[in-house]
Amino acid sequence: MALYVYKFGGTSVGTVERIKAVADKVKKAHEQGDQIVVVVSAMSGETNRLIALAKEMQNQPTGRELDVLVSTGEQVTVALLCMALHDVDCPAWSFTGSQVKILTDSAFTKARIRNIDSDRMREQLDQGRVVVVAGFQGVDEFDNITTLGRGGSDTTAVALAAALKADECLIFTDVDGVYTTDPRIEPKARRLNRITFEEMLEMASLGSKVLQIRSVEFAGKYNVALRVLSSFTEGLGTLITYEDTKVESALISGIAFNRDEAKLTITGVPDKPGVASKILGPIAEANVEVDMIVQNIAEDETTDFTFTVHRNDYLRAKAELEKTCVELGARKVSGDDGIVKVSIVGVGMRSHAGIASTMFKALAKEGINIRMISTSEIKISVVVDEKYLELAVRVLHDAFKLDQETKL
Ligand code: ASP
Ligand code: MG
């Protein structure tokens, strides 16, 4: 007998009919003799509605009360799904996060899971019931209700799968898997059968927002086999798993991109120890996240320093940098908030040379100027002008033949 955790997102439970369809699917799986734990999100739009309601009440509600409020969305869905299951004679039992004892820290609205008590779920599973758990929510050590951040139901599902040592965690959503890139940009984009945790993290953090990033980190850490698939169409979706050394992987698995980037440059900075921290310290204190960082080789004892930030933080970061420029006696600050980042991702590049040159050649052929480059073991990113985003993605998709399944 296998144990599966199924997770259904907001659109999959968005209406009464859809909840009934989920109940049918779950009942079928249960009738196969498998043990099923279902994690559900709030009905689509519900979390946003609740947050808007809170804002009408108070400009900055406390995290504690916000969590009491937004956690109700998922509580509605677990009850409705259990009713739908009972209606088709499938035994089912609902749990809120605190009833399971999904213990979290006390960081309201972005809590982290510390421990899960699987006893009460086991009890119900052993009695032949489907267990239905509210996603996104937990409880801290003082019995306060907490939530796990937007998209947190994915993390609930993976954490339950880890705690129950489930055979697989299946995330049913409105897309049928993870694609080589965004099909809205490259219609030839192909669904991947398999992708590694590491690749998925790079793809997710770069804008392919299929799963909450934290859920992928969690799955990687506890080696939970994670599958993303459509709740509306048949198909096996994409399996996110560890790197299988027996199967040689494709060189490049996908192309990710980030639209909303900006870059800032400070020139004529005295080239002395401590300068990087003097430049980036105030930026971090202003709560601005820095992504790529490049420092040039010093000439005449001064150097240039460039970094990228999210476009929303551009003006704030620029103001900080201008202050630093005066303090350090640097030459000037310049910037550009019309840039994007395009990255190729693949564990296969670890063992293959020449990937970067293929990438740069393909971009050059189309006259796309590369403004910055950064690399990691499984990723090469370039910054280009935003007008080239679509073209760059398509050109790279072609250059690495991502529309074709690799036959190895
Ligand atoms: N309902 C929550 C949200 O909209 C959690 C989730 O759906 O995963 O962010
Ligand atoms: Mg989601």
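Number of Lys-Lys pairs in the stretch 280-408 with C-alpha atoms under 26 Å apart and a separation of 8 or more places or on different chains: 21. Computing FRET efficiency as 1/(1 + (r/R0)^6) for Asp87 and Thr233, where r is the C-beta to C-beta distance and R0 is 35 Å, gives about 0.90. Taking the C-alpha atoms only, the angle from helix 153-163 to the longest principal axis of the chain is near 70 degrees. In the stretch 245-306 the Cα-Cα distances spread across 5 Å bins starting at 0 as 4, 12, 20, 16, 12, 9, 9, 8, 6, 3, 0 percent of all pairs. Charging the Cβ of each Asp and Glu at -1 and of each Lys and Arg at +1, and nothing else, the dipole of the chain about its Cα centre rounds to 440 debye. Which one, Ile339, Ala356, Gly329, is farthest towards the positive end of the dipole of the stretch 322-408 when Lys and Arg carry +1 and Asp and Glu -1 on their Cβ? Looking along the dipole axis, the top candidate is Ala356. For the chain, averaging the sequence separation of C-alpha pairs within contact (under 8 Å, six or more residues apart) and dividing by the residue count gives a relative contact order of 13 percent. Amide H to amide H, with H built 1.01 Å from N, Thr196 comes under 5 Å of Thr241, counting only residues 5 or more places away or on other chains. Shown for Phe108, Phe400: other C-beta atoms within 10 Å of each C-beta, ranked fewest to most, produce the order Phe108, Phe400. Centroid-to-centroid, using Cα positions, the stretch 180-231 and the stretch 235-296 are 18 Å apart.
3J(HN,Hα) couplings calculated from phi for the stretch 89-105 with the Karplus curve 6.51 cos²θ - 1.76 cosθ + 1.60 (θ = phi - 60°) are, in sequence order, 6, 10, x, 8, 9, 8, 9, 7, x, 6, 5, 5, 6, 8, 7, 10, 6 Hz; Gly and Pro show x.
In order along the stretch 313-323, phi translates into HN-Hα couplings of 9, 4, 5, 5, 5, 5, 4, 4, 5, 5, 5 Hz, rounded to whole numbers, per the Karplus curve 6.51 cos²θ - 1.76 cosθ + 1.60 with θ = phi - 60° and x for Gly and Pro. Farthest towards the positive end of the charge dipole of the chain, among the residues Ala256, Leu192, Ile380, is the Cα of Leu192, using unit charges on the Cβ of Lys, Arg, Asp and Glu. For Asp403, no residue whose modelled amide H falls within less than 5 Å of its own remains once neighbours fewer than 5 places apart on the same chain are excluded. In terms of surrounding Cβ atoms within a 10 Å radius of their Cβ, Glu285, Glu386 rank from fewest to most as Glu285, Glu386. Estimated at 0.36 nm per residue, the fully extended path between Glu301 and Val76 surpasses their Cα-Cα distance by 74.6 nm.
Summarising the label geometry, the points placed 7 Å from Cα in the beta-carbon direction at Thr267 and Lys387 lie 2.2 nm from one another.
Give me the angle, in degrees from 0 to 90, between the Cα long axis of helix 72-87 and the longest principal axis of the Cα atoms of the chain, rounded to the nearest 10. Approximately 40 degrees, to the nearest 10. Amide H contacts under 5 Å for Ala92: Val130, restricted to partners 5 or more places along the chain or on a different chain, H placed in the peptide plane at 1.01 Å from N.
Helix 355-365 and the long axis of the chain differ in direction by around 70°, with both axes built from C-alpha atoms.
Over all pairs of different C-alpha atoms in the chain, the reciprocal of the mean inverse distance, the Kirkwood hydrodynamic radius, equals 23.3 Å.
Ordering Val139, Val275 from the fewest to the most neighbouring beta carbons within 10 Å gives Val275, Val139. Equivalent ellipsoid of the stretch 199-348: semi-axes from √(5λ) of the C-alpha gyration tensor, largest first, are 39, 17, 14 Å. Think of the chain as having a plus end and a minus end, set by charges on the Cβ of Lys, Arg, Asp and Glu; of Leu315, Ala42, Val178, Val178 sits farthest toward the positive end of this dipole.
Annotation: peptides 166-172, 18-24, ranked by per-residue average of other Cβ atoms within 10 Å with the highest first, follow the order 166-172, 18-24. Could you list the residues of the stretch 339-354 with an amide nitrogen less than 17 Å from a label point located 7 Å from the Cα of Ile370 in the Cα-to-C-beta direction? 340-346, 349-350, 352-354, by backbone N distance to the label point. With contributions of -39500 (n - 2.57) from each DSSP H run of at least four residues, the per-residue ellipticity at 222 nm computed over the chain stands at -10500 deg cm²/dmol.
Just so you know, all these numbers are worked out from the coordinates, no wet-lab data involved. Keep in mind the model is a prediction, meaning the values are calculated, not measured. As a convention, Cβ positions derive from the backbone with ideal geometry for all residues, glycine included, and neighbour counts pool all protein chains shown.
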